Amino acid sequence: MENRKRSLLKAISWRMLGTLDTMIISWIITGKLVLAISIGTTE
């Protein structure tokens, strides 16, 4: 059984990984780092 602290840390780490993924894919597609970061932060 997971405790609340572990669940919260897991959720935050997954969200960070998802945002990083979005930024990397956006950077590959657009070729523009600034645009990729703005897409990731909006997401």
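All of the numbers you see were taken from the coordinates with simple rules; none came from a lab. All values reported here derive from a predicted model rather than from experimental measurement.
Between residue 28 and residue 41, full extension at 0.36 nm per residue minus the direct alpha carbon distance yields a gain of 3.1 nm. Karplus-derived 3J(HN,Hα) values for the stretch 20-28, using 6.51 cos²θ - 1.76 cosθ + 1.60 with θ = phi - 60°, are 4, 4, 4, 5, 5, 5, 4, 5, 4 Hz; glycine and proline are entered as x. Does the chain come out rounded, prolate or oblate by the C-alpha gyration tensor, with a ≥ b ≥ c the root eigenvalues, rounded set by a/c under 1.5 and, if not, prolate when a/b is larger than b/c and oblate if not? Prolate shape, in that a/c is at least 1.5 and a/b is the bigger ratio. Relative to the dominant Cα principal axis of the chain, helix 33-42 is inclined by about 40°.
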